[in-house]
Structures are given as structure tokens and as C-alpha cells.
Amino acid sequence: MRKKIVAGNWKMNTDYAEGISLFSEIVNIVRDEKKGDQIAVICAPFIHLNSLSKLGGDTVKIGAQNCHQNESGAFTGEISAKMIKSVGCEYVIIGHSERRQYFAESDALLAEKTKIALAHGLIPLFCIGETLDERNNGNFFEILKGQLENGVFGLDEADFAKVVIAYEPVWAIGTGLTATAEQAQEVHAFIRSELVYRYGEEVAEDTSILYGGSCNPKNAAELFAQKDIDGGLIGGASLKSRDFADIVKTFNA
Ligand code: PEP
């Protein structure tokens, strides 16, 4: 059965004290108000992770926003998958559009990061998405297909079955522009059909595909009601405890 997941991406926001305080608020609200079996995750800055993992318990799980593709070594300033796992993280975002755009992360590099994350028992939240130009040119299905093929389709079935895909149209991230529920569902159905083609019906049916891009408490219900949308990757709204918890609660039974 595919999991319903709402994952927050705090990006480069909150100092340590602010992060602890915001996370504690989120845990308290989610603990009191969540009713279903949906999974809440916060992907926080690296320096917060060790402390947050002790506060979240099973109520709110912890993720990193990136990891290095190598096991260890002379990579000054970098953080490895093993280090992330060692502080109690379960998830790691791989291939966010900001990493692709500002840090020139290629599909080939992201494939390596995904492999090492899996090797250390982390669940990759693997992001794909098209730019506005690509959407307007009408070639976005090809773009998304390429990101899947070159990013994760090299994995064997057992490894791929652990991956969560996040569809994040670049034009909707942090812009206030949301894909309509129909636009998002169309792409999610396309992604699932590609998964069927590569891994078969059963794996495709069990893979969680999250939507990300200006998702908020007002639009989450319509988006999450779509057949192939299994939750969200939430940027701005995850920095407000009430908003993030309300998005998590969208799945309440
Ligand atoms: C994101 O950064 O993954 C994201 C979806 O951001 P926002 O919700 O702010 O658009």
C-alpha cells in the first residue's frame, strides 16, 4: 500500500533556536490533531537534525535536504549520507530544483546521491519538475521522463521500491502559482505510467508520488484528493506550524 506523506522543506531558514521552537510546535499540534496513518516529515538544515530527531519520535520524522555522493573523504564542507543517518534521519531530499539550478546538480550526480542514500538506509525524496519554458514549449513530459530515467531508473526494483518521487513544477515553487489539481494529476498519472513501464504494475502502485509547489492549507485538499497524488512536499507553508499541521491533517480519516 502506498504511503501518504507530507514533508516540509525548511530550506536555508531558521537558526538553531528558531528551528527547535518551530519543530516543537509542529510536533505538539500534529500529535494532538493528526488522525490518519499519514507520515509527517520535516527536512531541516543539517545543524538542526541531531536535536530534532530526539524531539520528533514517531510523530514527525526527520529528513535532510541534500547529501554528498561519496562515502567519506576530502570534500570540505560536505555532509555524507552516513552522517545524516547517524543522527536519526530517515529521509533525504535529492534533486530539489534549487540544487539542480544553483548547484548545477545533474541527473547523473543525483543518481549517485540516490544510490548512496539508499545504501545508508535513507529514503530519498527524489524531486523532478519542469521549468515554465519547458511547460510552455509542451515538451515537459519528455523532460520529466529524462529526469526519471537518468536519475532513478538505474536502480534495481528492490531499491526503487524504497524511493518517494516528488513532482515539483519549478514554476510553482515559492511563486504562489500552484499547478491546478488537474494539471498535477495529469503529470502524476504520467509518472506512474512510466513507473509501470520500468518496474511493473505492483511497484508503480506502491510508489508514493508527492506534489510540491505553493501547496498550502487551502489547496491541499483538492490536490491530495487526486488519484495519483499521495501527499506533498511543502516549502513556505512548512515554516508556519499551524499551516503545516493543517496540510498534514488534510489526510485525517
Ligand atoms: C519546495 O521548495 O519544495 C516547495 C514546494 O516550496 P513552496 O511550497 O514554497 O513552493
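State which helices in the chain qualify, where a helix is a whole DSSP H run, it must extend 24 Å or more along its own axis by its Cα atoms, and its mean Kyte-Doolittle hydropathy must be at least -0.5.
Details: long enough: 16-33 (26 Å, 0.28); 181-199 (26 Å, -0.43).
Span-like helices here: 16-33, 181-199.
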Q. Okay, helix-only estimate at 222 nm for the chain: each DSSP H run of n ≥ 4 adds -39500 (n - 2.57), divide by all residues, round to 500 deg cm²/dmol; what do you get?
A. -13000 deg cm²/dmol
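Pop out the carbon and sulfur fraction of the accessible area of the stretch 80-177 as a percent, whole number, probe 1.4 Å. Walk me through the numbers before you get to the answer.
Working: 2170 of 4150 Å².
Of all accessible area on the stretch 80-177, carbon and sulfur atoms account for 52 percent.
In percent, how large is the relative contact order of the stretch 5-252, given Cα pairs closer than 8 Å and 6 or more residues apart?
Details: 474 pairs, mean separation 54.3, N = 248.
Averaging sequence separation for qualifying contacts and normalising by length gives 22 percent for the stretch 5-252.
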Q: Scan around Cys89 for amide H atoms under 5 Å from its own, H built in the peptide plane at 1.01 Å from N, and keep only partners 5 or more places away or cross-chain.
A: none
**Q.** Amide H contacts under 5 Å for Ile42, placed H, 5+ residues apart
**A.** Gly8, Lys61, Ile62, Gly63
Q. From Cα coordinates alone, what are the radius of gyration and Dmax values for the stretch 108-179 in angstrom?
A. 13.4, 39
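Just the number please: accessible area per residue for the chain, 1.4 Å probe, all protein chains included, in Å². Kindly include the intermediate steps, with their values, before the conclusion.
Values: 11190 Å² over 253 residues.
Accessible surface, normalised per residue, equals 44 Å².
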**Q.** For the stretch 159-175, 3J(HN,Hα) per residue [Karplus equation, 6.51 cos²θ - 1.76 cosθ + 1.60, θ = phi - 60°, Hz, x = Gly/Pro]
**A.** 6, 4, 4, 8, 7, 10, 9, 10, 8, 10, x, 4, 5, 9, 7, x, 9
Q. Within a Cβ distance under 12 Å of Val196, other residues only, what is the Lys/Arg minus Asp/Glu net charge?
A. -4
Q. Under a 5 Å amide H to amide H cut-off, with H placed in plane at 1.01 Å, what residues pair with Ala166 once short-range neighbours are removed?
A. Phe126, Cys127, Ile128, Leu210
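Give Lys54/Lys227; Lys11/Lys82; Lys34/Lys113; Lys11/Lys240 a once-over and call out the pairs whose C-alpha atoms are over 23 Å from each other. If you can, show how the numbers build up before the last one.
Details: Lys54/Lys227 35 Å; Lys11/Lys82 21 Å; Lys34/Lys113 32 Å; Lys11/Lys240 13 Å.
Correct reply: Lys54/Lys227; Lys34/Lys113.
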Q: Sort out for me the Cα centre separation of the stretch 207-235 from the stretch 158-183, rounded to whole Å.
A: 8
Q.
What is the sum of charges, Lys and Arg at +1 and Asp and Glu at -1, for the other residues whose Cβ falls under 14 Å from the Cβ of Ser241?
A. -1
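The values are calculated or read from the model by the stated rules, or taken from the named source; none is laboratory data. Predicted model, so just to flag it, every value in this text is computed and none were measured. No Cβ is skipped: glycine too gets one built from the backbone with ideal geometry, and neighbour counts run over all protein chains shown. The accessibility values were calculated without ligands, DNA or RNA, using every heavy atom of the protein model including side chains. Shrake-Rupley method; radii C 1.70, N 1.55, O 1.52, S 1.80 Å.
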